[in-house]
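The values are calculated or read from the model by the stated rules, or taken from the named source; none is laboratory data. Quick caveat, the model's predicted, so the values are computed rather than measured. Note that we place each Cβ from the backbone using ideal geometry, even for glycine, and neighbour counts take in every protein chain shown. Ligands, DNA and RNA are stripped out before the accessible areas are found, and what is left, the full protein with its side chains, is counted by its heavy atoms. Shrake-Rupley method; radii C 1.70, N 1.55, O 1.52, S 1.80 Å.
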Amino acid sequence: MAIQWLRCGHHVYVVSTWSDSRVASIMLYHLLLQTVNTQQSAGVSPGQPHLLQYDLDEGNDVKKTVNDLSQAARGGSLYVIADEVIGSKFPTFCDKLLTQVPHLHLWAASCYHRNAPAGWQVECLTRPLRSPPAVVREVEQDSSFTKHRDVLPYSERGVPDHTDGPPVTRLYHRSQGHSGDSPVDCVTCGRDVASFLHSLRVGVTENVTTTATTAISTNGGTTPPCLQWRDVLVLHWYNISDDPGMIKGLQEAGIPVQMMKDDDIEDVAMARSDVVWVADGYRVCGLERKVVVCLEDELISRFSCMSRCTSQLMIIYP
């Protein structure tokens, strides 16, 4: 919808409503920027996207957000996109903004079905199109489905499953040589993850032999790897120490790895650096990666972490 608004020449405001929606909002903003640049190259004059970041659950941020957006309304109309919304104050924000801007166009998305303001149109999209069936079965075990029921159950995919997907790989942080209280603190677990990634041939390029009848490679005689390091996320839940054993184990095996910090959000959102990112699972909501390594503990959100995976899932149990 945002692309359509831009094509019509409108300014579009991508609004991050809390800290955990930062990555998704930044990714969406840059994708819209790419669309604008493409249209401008074709001689079209589209509108412009704008990125605004707030935290509606903090202090007076609802009032500030409503005031800022009300002032941004041009000609009485306002076009807003909000992704990964959550929290009790979001419906209040929507209703107050509509009062201030009668010609409001607001589209929001949330994986939690209780966040919509009363009386607003809602569409529930429950087909599991992101992950293969093998991963979906793991995600469905999360308490958001089984206990709290704040996430609607998945429905039938509606398209044939040509494959169940790669089988989920499972390891355990409990055998000889392991250390630390959890997998994220364990050098041996890091080595195990490294071995797993090497077995997938992540980052491996193949030499190309050219002949008179074959096309010449455009990248120096090598074909690009099927999997790149940027295709991998290693996810824990909440706090990770500044020097976790998991990263040491990966580094020892020669894997380019970085721990995601606040300054890295844009890099991670756009997968710019070809490295394996180790991150708190709640900070990457809205992203997708082909390979996800989930470090389980008693706090882990299988829904938030494992649903990031579009192909190969690895779980390390405590």
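Run down Asp192, Asp185, Asp142 and say which single residue is at pLDDT 85 or above and either open to solvent by less than 40 Å² (accessible area, probe 1.4 Å) or on the phi > 0 side of the Ramachandran plot (or both). Reasoning before the result, please.
Numbers: Asp192 fails: either open to solvent by less than 40 Å² (accessible area, probe 1.4 Å) or on the phi > 0 side of the Ramachandran plot (or both); Asp185 fails: either open to solvent by less than 40 Å² (accessible area, probe 1.4 Å) or on the phi > 0 side of the Ramachandran plot (or both).
The match here is Asp142.
Sort out which residues of the stretch 144-160 are within 25 Å of Val291 (Cβ to Cβ) and of a type in the set (S, T, N, Q), and write them in order of number.
Pass one, the stretch 144-160, residues within 25 Å of Val291 (Cβ to Cβ): 144-145, 151, 154, 157, 159-160.
Once the filter is applied, which keeps residues that are within 25 Å of Val291 (Cβ to Cβ) and of a type in the set (S, T, N, Q), the stretch 144-160 yields only Ser144.
Looking only at the stretch 255-271, how many residues end up being closer than 22 Å to Ala194 by Cα and either of a type in the set (Val, Ile, Thr) or in contact (Cβ under 8 Å) with a residue 60 or more places away in the chain (or both)?
Total satisfying the criteria: 3.
May I ask you to verify whether Val23 is among the β-branched types (Val, Ile, Thr) and free of Cβ contacts under 8 Å to residues at least 40 places away in the same chain? It would help to see each step written out before you state the result.
Numbers: among the β-branched types (Val, Ile, Thr): yes; free of Cβ contacts under 8 Å to residues at least 40 places away in the same chain: no.
In short, no.
I'm told Lys96 meets every condition in (1) of a type in the set (D, E, K, R); (2) under 23 Å from Val284 (Cα atoms); (3) over 27 Å from the mean Cα position of the chain (by Cα) except one. Can you identify the failing condition by its number?
(2)
Got a sec? Which of Asp274, Asp242 is farther than 27 Å from Pro128 by Cα and modelled with pLDDT of 95 or more? Walk me through how you get there before you give the answer.
Working: Asp242 fails: modelled with pLDDT of 95 or more.
It is Asp274.
How many residues are farther than 28 Å from Phe90 by Cβ, free of Cβ contacts under 8 Å to residues at least 12 places away in the same chain and open to solvent by 90 Å² or more (accessible area, probe 1.4 Å) when one looks only at the stretch 41-65?
Within the stretch 41-65, residues that are farther than 28 Å from Phe90 by Cβ, free of Cβ contacts under 8 Å to residues at least 12 places away in the same chain and open to solvent by 90 Å² or more (accessible area, probe 1.4 Å) number 1.
So, in the stretch 293-318, of the ones that are within 23 Å of Ser16 (Cβ to Cβ) and in contact with a strand residue (DSSP E or B) (Cβ under 7 Å, 6 or more places away or on another chain), which residue ends up modelled with the lowest pLDDT? Show your work before the answer.
Quick first cut of the stretch 293-318, residues within 23 Å of Ser16 (Cβ to Cβ) only: 301, 303-305, 307-308.
Right, trim to in contact with a strand residue (DSSP E or B) (Cβ under 7 Å, 6 or more places away or on another chain) and you get 305, 308.
On the way: Cys305: 90, Arg308: 93.
Going through the qualifying residues, I end up with Cys305.
Out of Pro132, Pro167, which single residue is over 23 Å from Ala108 (Cβ atoms), modelled with pLDDT of 90 or more and open to solvent by 50 Å² or more (accessible area, probe 1.4 Å)? If you could, list the steps in order and put the result at the bottom.
Details: Pro132 fails: open to solvent by 50 Å² or more (accessible area, probe 1.4 Å).
So the residue among Pro132, Pro167 that is over 23 Å from Ala108 (Cβ atoms), modelled with pLDDT of 90 or more and open to solvent by 50 Å² or more (accessible area, probe 1.4 Å) is Pro167.
Is it the case that the stretch 218-228 has a residue that's open to solvent by 50 Å² or more (accessible area, probe 1.4 Å), at pLDDT 95 or above and under 21 Å from the mean Cα position of the chain (by Cα)?
Step one: filter the stretch 218-228 for residues open to solvent by 50 Å² or more (accessible area, probe 1.4 Å), giving 218-220, 223-224, 226, 228.
Those left that are additionally at pLDDT 95 or above: 228.
Okay, now just the ones that are also under 21 Å from the mean Cα position of the chain (by Cα), so 228.
Yes: the stretch 218-228 contains one or more residues that are open to solvent by 50 Å² or more (accessible area, probe 1.4 Å), at pLDDT 95 or above and under 21 Å from the mean Cα position of the chain (by Cα).
Looking at (1) at pLDDT 95 or above; (2) open to solvent by 20 Å² or more (accessible area, probe 1.4 Å), which is the only condition Pro160 fails?
(1)
Taking Ser155 as the residue in question, decide whether it is part of a loop (DSSP other than H, G, I, E, B), open to solvent by less than 60 Å² (accessible area, probe 1.4 Å) and in contact (Cβ under 8 Å) with a residue 40 or more places away in the chain. Full working, then the answer.
Values: part of a loop (DSSP other than H, G, I, E, B): yes; open to solvent by less than 60 Å² (accessible area, probe 1.4 Å): yes; in contact (Cβ under 8 Å) with a residue 40 or more places away in the chain: no.
Answer is no for this residue.
Could you tell me how many of the residues in the stretch 83-125 are among the β-branched types (Val, Ile, Thr), surrounded by 13 or more Cβ atoms within 10 Å (Cβ to Cβ) and part of a loop (DSSP other than H, G, I, E, B)? Reasoning before the result, please.
In the first step, residues of the stretch 83-125 are kept if they are among the β-branched types (Val, Ile, Thr); the result is 85-86, 92, 99, 101, 122.
Then drop every residue that is not surrounded by 13 or more Cβ atoms within 10 Å (Cβ to Cβ), which leaves 85-86, 92, 101.
Next, only the ones that are part of a loop (DSSP other than H, G, I, E, B) stay: 85-86, 101.
Of the residues in that region, 3 qualify.
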